[in-house]
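Shown next, in structure tokens, is the structure this report addresses.
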Amino acid sequence: MNAVPLIVAGSLAILGAAIHGGVGEVLVVRKLTPGTLPSTGFGGPGMTKTMIRVAWHMATIGLLTVGCSLLLSGSVLHGDTARGISLVAAGASTGFAALAVGLGAAYAQSPRYLFRHPGPVVLTATAALAWWGAL
């Protein structure tokens with residue numbers, strides 16, 4: 001294991017979680033107007049907005065959890081415990097990055113989307129650093 005990449009990956013994930021939760025709430029979630037959202041079997045447009053907000057912040061908590069796990073694995077934890085937790089966090093980081101890059105590529109008209117939003121690049125860097133540190 002290599003502590004420095006784990007600490008950097010964890011710090012990136014925690015920073016990403018803070019930005020995702022705070023800036024995303026202000027620039028994305030709050031701007032969703034119930035009048036433009038569909039109703040679902042769970043309720044009207046207001047309920048749809050609530051479900052989007054909850055899912056948004058669940059993702060934020062996931063990023064924060066992964067970041068804390070990587071940071072702890074690189075700084076406080078030792079041995080098999082650190083290795084096991086860092087491997088799980090590296091796997092989760094890879095899932096986040098694959099989702100951002102894969103869905104972005106599926107819906108984008110050009111590869112420029114990778115650089116218009118920092119998410120895919122930061123998530124990919126986090127995953128690479130996490131694996132480097134875990135292995």
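The values are calculated or read from the model by the stated rules, or taken from the named source; none is laboratory data. Everything numeric in this text was worked out from a predicted model, so none of it was measured. No Cβ is skipped: glycine too gets one built from the backbone with ideal geometry, and neighbour counts run over all protein chains shown. Accessible surface areas use protein heavy atoms only, side chains included; no ligands, DNA or RNA. Shrake-Rupley method; radii C 1.70, N 1.55, O 1.52, S 1.80 Å.
The table for this structure:
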read-out: In segment 1-12, residue farthest from Trp131 (Cα to Cα) [restricted to those that are in contact with a Leu (Cβ under 6 Å, 6 or more places away or on another chain) and open to solvent by less than 50 Å² (accessible area, probe 1.4 Å)]; value: Gly10
read-out: Yes/no for Ala97 being small (Gly, Ala, Ser), crowded, with 17+ Cβ neighbours inside 10 Å and assigned to a helix (DSSP H, G or I); value: yes
read-out: Cβ pairs under 9 Å, 6+ apart, first in segment 106-132 and over 18 Å from Ala18 (Cβ atoms) and outside any helix (DSSP H, G or I), second open to solvent by 50 Å² or more (accessible area, probe 1.4 Å) and among the small types (Gly, Ala, Ser); value: Pro111/Ala105
read-out: Residue match in segment 66-86 (condition: within 20 Å of Arg116 (Cβ to Cβ) and either in contact with a Cys (Cβ under 7 Å, 6 or more places away or on another chain) or surrounded by 15 or more Cβ atoms within 10 Å (Cβ to Cβ) (or both)); value: no
read-out: Selection count where residues are open to solvent by 60 Å² or more (accessible area, probe 1.4 Å) and assigned to a helix (DSSP H, G or I), scope segment 13-33; value: 7
read-out: Filter pass, Gly46 being open to solvent by less than 60 Å² (accessible area, probe 1.4 Å) and over 25 Å from Tyr113 (Cβ atoms); value: yes
read-out: Selection from segment 49-63 of residues that are open to solvent by 50 Å² or more (accessible area, probe 1.4 Å) and not aromatic (Phe, Trp, Tyr); value: Thr50, Met51, Ile52, Arg53, Val54, Ala55, His57, Met58, Ile61
